[in-house]
Amino acid sequence: MTNSTHSAEPQINRAHEHRLLRRLLLIISVVALVAFAAFLIAGDILLHRAGPMLKARVIETLSTRFDSRVDLAKFQVSMVKGFEVSGTGLRLYPNHLDMQDPMFEIDRFSFHMLHWQQLFHSPIVINRVQVHGLTLRLPPKNQRSNVPRFSGGGPGQDASTSGIKVQAGEILVDKADLIIENGNPAKQPLHFVIQRLRLDTVAAGRPMKFRATLVNAKPVGNIESTGDFGPFNQESPGDTPVDGTYSFTHANLNPFKGIAGTLSSTGSYAGQLDHIDVNGETQTPNFSLDTARRPMPLNTTFHAVVDGTSGDTYLDPVDAWLRQTHIIAKGRVVRNPSGGKGHEIHLDVTLGPGRIQDVLDLASDREPPLMHGALQLHTDLLLPPGPESVTDRVRLKGTFSIAGVHFTSTKVQEKVDELSLRGQGHADQAKDESDALKAGNRQGANAADIASNMQGTFLFSNRRLSLTALNYQVPGAKIALSGVYNLQGETLDFHGTARLDAHVSQMVTGWKSILLKPVDPFFAKHGAGTELPVAITGNRANPQIGMH
């Protein structure tokens with residue numbers, strides 16, 4: 001009995017200890033649950049109070065840094081999945097600028113942190129900020145000295161010591177608009193549409209890496225670009241450094257009236273915002289004009305200087321190949337000088353070595369081209385903005401020379417051959433050639449197929465080619481002409497003087513030669529054997545050549 005009692009006491013004690021332990025655990029659990037509930041209640045109260053406090057702090061910081069009135073329509077703080085902040089309707093109105101619209105505007109933004117303790121670090125590091133609908137409006141260039149700048153600190157330093165210091169790992173922007181005013185109500189502001197933008201390592205005084213997709217209005221297409229921007233120059237925004245690469249593919253040129261084709265371009269750029277050096281190349285395998293609609297390959301390499309604050313571009317040079325014709329162009333593409341939409345293109349163009357048939361194939365739908373030959377050309381090209389076709393708007397003024405000309409029209413070339421033979425005094429050979437050709441035996445007639453040369457000055461405007469001081473030469477003859485070639489109907493109207501080496505009597509055979517000998521002195525003028533007034537009229541397919 002005694003042994004039994006002694007063995008039961010430890011069991012009773014252990015059972016009692018288990019009950020006490022369970023009660024203790026229950027009490028701890030209840031206390032923990034109550035504490036957790038209290039924490040949630042306190043957190044909820046803190047969030048409701050912290051939201052307005054944090055919103056006020058954000059507005060204060062933005063207002064101080066940008067010297068602006070700040071509107072923030074909605075600001076929310078959530079701890080459902082970490083610490084998340086979101087807002088809508090953020091607008092900044094600079095105090096020193098008379099702007100009806102906000103200079104800086106965001107439709108919606110949000111950012112997320114895993115731990116709310118990060119709020120107490122300086123700077124606050126945020127991995128990702130998402131922005132939907134960003135608009136930045138820059139005032140005219142002469143007012144940009146008044147654009148608000150970050151207060152305090154130099155390069156590499158954060159701005160206001162009284163505000164919140166923030167560093168973002170990346171900023172993702174969907175749909176951004178950059179609008180640059182020019183100060184002239186008659187002129188449209190410069191408008192860049194950025195479909196997507198990613199900025200990496202965003203902090204005051206540091207360069208940012210970016211990846212952007214820009215929407216190009218004309219020609220329609222997306223420009224993909226990556227590079228580095230900044231650090232932002234607070235005293236002179238135009239001096240802010242930028243560099244990167246770009247690609248622009250499968251852009252349809254049809255929106256430009258008068259031209260067609262599919263353009264692709266790649267290149268790189270570097271410099272400062274108001275002076276960006278661009279090096280690139282373009283490929284347009286099917287370039288054409290509406291006057292011919294004959295696709296031809298046009299490939300270029302170029303160097304340009306771009307003013308990123310105005311959009312003006314200065315080309316120096318554009319090195320192009322149109323089939324086998326080499327073209328060098330220098331000049332500028334600037335915004336419409338008289339206001340309104342569009343750009344004015346003004347170029348100094350040198351063509352050569354080149355082929356006249358390449359240019360004619362581009363400009364005319366006739367097959368084959370009027371002539372073949374080696375072309376050298378220099379022209380001033382002006383293309384003002386406007387809704388009309390490029391062919392109707394373009395103005396060309398310059399000089400040209402074509403060597404080794406052969407006309408593709410058999411009738412025209414036969415007349416050239418005959419003119420040369422008679423001009424040299426080979427009337428018998430010219431007659432034999434003519435008789436053989438009339439009999440349809442060109443090969444048997446051993447046709448001369450004589451090459452000619454021409455040079456002159458020209459003006460092309462409103463689809464009319466005006467030629468002055470046109471000098472045409474074949475062995476035995478020199479012809480000076482002036483007149484107009486109209487592209488609309490391909491009509492010719494040229495008048496001038498023909499000077500031949502032979503006398504009048506030497507250009508014919510038989511009894512005609514004998515009869516004309518007495519009049520030779522009347523036509524022999526200014527050192528020429530014969531000088532005659534000539535005219536070329538009719539049209540390209542059937543030109544009429546005679547005296548006038």
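The values are calculated or read from the model by the stated rules, or taken from the named source; none is laboratory data. The shown structure was predicted, so the numbers you read here are calculated from the model rather than taken from an experiment. Don't worry about glycine lacking a Cβ; one is built from the backbone with ideal geometry, like all the others, and counts go over all protein chains shown. Ligands, DNA and RNA are stripped out before the accessible areas are found, and what is left, the full protein with its side chains, is counted by its heavy atoms. Shrake-Rupley method; radii C 1.70, N 1.55, O 1.52, S 1.80 Å.
For this structure, a couple of remarks:
- Normalised per residue, the accessible area of segment 324-463 is 49 Å², obtained with a 1.4 Å probe and no contribution from ligands, DNA or RNA.
- Of LYS397/LYS525; LYS175/LYS330; LYS55/LYS341; LYS209/LYS257; LYS175/LYS341, pairs whose Cα-Cα distance is over 30 Å: LYS397/LYS525; LYS175/LYS330; LYS55/LYS341; LYS209/LYS257
- Counting only the Cα atoms, segment 229-337 fills a convex hull of 111 Å³ per residue.
- Full extension of the chain between ASP101 and HIS191 gives 30.9 nm of extra length, using 0.36 nm per residue less the Cα-Cα distance.
- For a straight C-alpha distance cut-off of 17 angstrom, the aspartates and glutamates reachable from LYS517 (same-chain residues fewer than eight places away being disregarded) are ASP428, ASP501, GLU531.
- For q = 0.16, 0.17, 0.18 Å⁻¹, Debye-computed log10 I/I(0) when each Cα of segment 398-548 counts as one equal scatterer: -0.94, -1.05, -1.15
- Placing R0 at 25 angstrom, the Cβ-Cβ distance between ASP319 and ASN252 gives a FRET efficiency of 0.55 after rounding to 0.05.
- Stretching PHE522 away from ALA56 to a fully extended chain increases their span by 157.5 nm, per 0.36 nm per residue minus the current alpha-carbon distance.
- Once the Cα-Cα distance is subtracted from the 0.36 nm per residue extended length, the ASN279 to HIS303 segment shows a gain of 8.2 nm.
- Accessible surface of segment 243-400, 1.4 Å probe, proportion on carbon and sulfur as whole %: 58
- Applying the Karplus relation 6.51 cos²θ - 1.76 cosθ + 1.60 with θ = phi - 60° to segment 291-300 yields 3J(HN,Hα) values of 6, 10, 6, 10, x, 9, x, 10, 10, 9 Hz, where x marks Gly and Pro.
- Pairwise label distance in nanometres, LEU459 with LYS512, each label 7 Å out on the Cα-Cβ vector: 4.0
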